[in-house]
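Okay, structure first, notes after.
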Amino acid sequence: MTTQRTLAIVKPDAVAKRVAGQIVTRIENAGFTIVALKLIHMSLDEARGFYIVHRERPFYQSLCEFMTQGPCLLMVLEADNAIQRWRDLMGATDPAKAAPGTIRRDFASSIEANAVHGSDSPESAAVEIPYFFSSLELCPR
Ligand code: CMP
């Protein structure tokens, strides 16, 4: 497996609960390299653009408003098979269905306020990473 990058977001609910540091510790302990990291407070337009693939879904407007409630911690993570490994660490989208020991099981409160986001494919990562990070903000090593 070749090295992959994925976009990770600690969502406003988890930042507000002050568990962002615990989530970063889990990421580091799982062996990911943090290639970029920043805190941003998204505008509604930025959230709408980010989740544009969900624009026809009934939860789109509510999800976009939720993402603007407070700052998010954005990261680019690098590892072998990073996309699937970060999804495994997050757990299922719905925290009620997430496995014990996953981030969403431990920190999420609903399917919308589900603590974290991760790219779902290499194609998504290739769109999501440059949506938030310029090449100058990436620190490869
Ligand atoms: P995320 O991994 O960020 O990708 C899309 C987001 O939409 C997802 O996490 C959830 O926060 C949200 N989402 C998915 N399904 C639903 C749903 N049925 N109701 C509300 N929000 C949802």
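Observations
- Quarter the surface of the alpha carbon convex hull of region 42-141 and you get the mean projected area, 7.1 square nanometres.
- Normalised by the number of residues in the chain, the mean separation of alpha-carbon contacts (under 8 Å, six or more apart) gives a relative contact order of 37 percent.
- Counting charges near ILE83 (Lys, Arg +1; Asp, Glu -1) among other residues having Cβ under 14 Å from its Cβ returns a value of -3.
- Taking every protein chain into account, the 1.4 Å probe leaves THR68 with about 40 Å² of accessible area, to the nearest ten.
- Of the solvent-accessible surface of region 49-141, computed with a 1.4 Å probe over protein heavy atoms with every protein chain present, carbon and sulfur atoms account for 54 percent.
- Counting Lys and Arg as +1 and Asp and Glu as -1 over every other residue whose Cβ lies under 13 Å from the Cβ of GLU137, the net charge comes to +2.
- Listed residues SER124, SER135 arranged by accessible area, highest first, probe 1.4 Å: SER135, SER124
- Assuming charge only on the beta carbon of Lys and Arg (+1) and of Asp and Glu (-1), the dipole of region 78-119 about its Cα centre is about 120 debye to the nearest 20.
- Here each label is just a point 7 Å from Cα along the line to Cβ, and for GLU56 and GLN84 those points are 2.9 nm apart.
- For the listed peptides 23-30, 95-102, 112-119, 82-89, a ranking on the average number of other beta carbons within 10 Å per residue, highest first, reads 112-119, 82-89, 23-30, 95-102.
The values are calculated or read from the model by the stated rules, or taken from the named source; none is laboratory data. A quick note: this is a predicted structure, and the numbers were derived from the prediction, not measured. Every residue, glycine as well, gets a Cβ built from its backbone with ideal geometry; the counts of neighbours run over all protein chains shown. Heavy atoms of the whole protein, side chains included, go into the accessibility calculation; ligands, DNA and RNA do not. Shrake-Rupley method; radii C 1.70, N 1.55, O 1.52, S 1.80 Å.
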